[in-house]
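Worksheet: the structure to be examined is printed underneath.
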Amino acid sequence: MPVDMNSDLNQHISQQFNSELEELRSQLLAMGGAVEKQVSDAIESLIEADSDLALSVRAKDDDVNFMEVSIDEEAARILARRQPAASDLRLVIACTKASTDLERIGDEAAKIARFSMELAEHGEAPRGYVEARHIGTHVRRMVQDALNAFARFDADMALAVAQEDKNVDREYRSAMRELVTYMMEDPRAISRVLNIMWVLRSLERIGDHARNIAEYVIYLVKGTDVRHIGLKRMKAEVFDRSSTEA
């Protein structure tokens, strides 16, 4: 029986391509793990007034930046050599966009670490730590769930992350109002409370970036760009099983 050389070659190329895509996704998830630890350590450094841990968080920012560049370079190679289409193309695009948000989460973690060091050096703020711990727990879980959704191609979990962001925004606004009221009552605490407020702002931004990653997961799985369409329409897209593209 004659050997179909073209078939064997196509199968080999297909296997190589799948390996390259899986490696790209693995790089993204590894970056996500590093960023998730940054966030967790930054929150702990604040609560425990641990300057050494805060310094470690800031030092790891260069590693995260390097990971983002590596992912972008690998994605560019895949686009140039393989010219992917449909779901393969969406995976490459989603990885590059998600890596940008992960890098920005790392930046926000580094900011939290910087404010932690300032508070540890110049005196703790009289208010805001309970709120920071609470919101921090929420956003850390959002990052974790967004990454798990990416790993599992789970649009339902991604939708839950996007919905949780609304709760984080509400808690952030409530905490900020309370802290502004406190500063009006005790102006001597303004500088220290402002540091806590900047921490809360960074945590809220981390939640926004986690939501962005969740939206990329929905785009990857469903083939629909759900940015800027609101939660109601996003939910409709996720549960419209017919919208899944090849």
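The values are calculated or read from the model by the stated rules, or taken from the named source; none is laboratory data. What you are looking at is a predicted structure, and each value in this text was computed from that prediction instead of being measured. When we count neighbours, we look across all protein chains shown, and the Cβ atoms used for this are built from the backbone with ideal geometry, even at glycine. For the accessible areas, the whole protein counts, side chains as well, though only heavy atoms, and no ligand, DNA or RNA atoms are used. Shrake-Rupley method; radii C 1.70, N 1.55, O 1.52, S 1.80 Å.
Structure notes:
- For the chain, built as a Gaussian network whose Cα springs stay under 10 Å, the top-fluctuating residue of 38, 15, 163: 15
- Mean Cβ neighbour count within 10 Å, used as a protection proxy, ranking 130-142, 101-113, 77-89 highest first: 101-113, 130-142, 77-89
- Linear extension gain, residue 30 paired with residue 15, 0.36 nm per residue minus alpha-carbon span: 3.2 nm
- The packing ranking of peptides 178-187, 45-54, highest mean first, is 45-54, 178-187, where packing means the average number of other beta carbon atoms within 10 angstrom of each residue.
- Around residue 123: net Lys/Arg minus Asp/Glu count, Cβ-Cβ under 14 Å: -1
- Rolling a 1.4 angstrom probe over the chain with all protein chains present gives an accessible area of which 50% lies on carbon and sulfur atoms.
- Measuring spread by the Cα atoms of the chain yields a radius of gyration and Dmax of 21.2, 90 Å.
- Three-way shape label, the range 126-177, alpha-carbon gyration tensor, a/c 1.5: oblate
- If you take all other residues with their beta carbon under 13 Å from the beta carbon of residue 73, and give Lys and Arg +1 and Asp and Glu -1, the sum is -3.
- Once the convex hull of all Cα atoms in the range 134-246 is built, its volume per residue stands at 85 Å³.
- Pairs with C-alpha atoms separated by more than 28 Å, drawn from the list 37/166; 111/235; 97/235; 111/232; 60/235; 37/232, are 111/235; 111/232; 60/235; 37/232.
- Amide H contacts under 5 Å for residue 125, placed H, 5+ residues apart: none
- Across the range 229-239, rounded Karplus estimates of 3J(HN,Hα) from the backbone phi angles (6.51 cos²θ - 1.76 cosθ + 1.60, θ = phi - 60°) give 9, x, 5, 4, 6, 4, 4, 4, 5, 5, 8 Hz, Gly and Pro being marked x.
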